[in-house]
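Trainee: The structure that follows is given in the form of structure tokens.
Since every read-out is calculated from the coordinates, none of them should be taken as a lab result. This one's a predicted model, so the numbers in the text were calculated from it and none came from an experiment. FYI the Cβ positions are ideal-geometry reconstructions off the backbone, even for glycines, and counts take in every protein chain you see.
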Amino acid sequence: MMNSEALVNPKVILVITKQVNELLKRPPAGVKYIQNDLDILDIQADIYGQVDTPYYGGVFRIKLVLPPDFPRSPPKGYFLTKIFHPNISEKGEICVNTLKREWDPSNWSLHNILEVIKCLLIIPFPESALNEEAGKLFMENYEEYAKYAKLMTELHAIPRDKAAAIPIPRATPMKTAMIIESSKSADKALSPQKNVGTSEFSLIKENMVENTSSTVVLD
């Protein structure tokens, strides 16, 4: 199988590598980056369900897939763990404006993408539902929605106390080393900014900063 690195600009791989190193040191609260030294572009993370949501107690594995012209085009996000959520399809596709019409190729970071996906589990956007059943139930009968979402979490999500036991690819010398060495002159245009100014992310932060600062959990 062809390594995904072969499909992406080497200069972009340099930026991704730097960001992955930062994520390993300082991941978003409630998120655990899953390192794959065999393929730096295998971007996966565990999202921990937060307190006062039907997803609490469960851990959800997500994956970002970068297109060959990244960052000109946004990555596609997928939940590998089955979940009942208005903005996540039954096949796991994630619908969030940060990865769609509000994508800014000159102002992005993996850290904030993962932050937005985590916050999506706290504040869904049923008006732009990919899962119509979940979106309709959320709007019409939140108690029933929360009950079913919790049931699906119990059935399919990774239990919090077992999340660390999931196998991660063993560390080996990364094939990206030579690519990184030859990409020292990466264009500044490819360098992401620390903050993503999307309306969804801003709305989430405004509504949740006071309520979640002491309740974001990660065992």
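Trainee: How big, in percent, is the set of alpha carbon pairs in the range 51-165 lying more than 21 Å apart?
Mentor: Details: 2442 of 6555 pairs.
The proportion of pairs with Cα distances above 21 Å equals 37 percent.
Trainee: With 18 Å as the cut-off, how large is the P(r) tail for the range 1-72, expressed as percent of Cα-Cα pairs?
Mentor: On the way: 1171 of 2556 pairs.
Here the long-distance tail beyond 18 Å is 46 percent of all Cα pairs in the range 1-72.
Trainee: May I pose another question? For the cross-link pairs K76/K162; K76/K147; K25/K91; K91/K147, which exceed 25 Å when the distance is taken from alpha carbon to alpha carbon? Display every interim value, and only then the final one.
Mentor: Numbers: K76/K162 27 Å; K76/K147 29 Å; K25/K91 31 Å; K91/K147 21 Å.
Long pairs (Cα-Cα over 25 Å): K76/K162; K76/K147; K25/K91.
Trainee: Taking the Cα centre of the range 1-93 as origin, sum charge times position over the Cβ atoms of Lys and Arg (+1) and Asp and Glu (-1), and report the length of that vector in debye to the nearest 20. All intermediate terms of the calculation are to be shown ahead of the outcome.
Mentor: Working: 11 positive and 10 negative charges, 30 e Å.
Computed about the Cα centre, the dipole is about 140 debye.
Trainee: Hey, another quick one. Just to compare against my own numbers: the Cα pair-distance distribution for the range 63-129, 10 Å bins, whole % per bin, please.
Mentor: 21, 57, 22, 1
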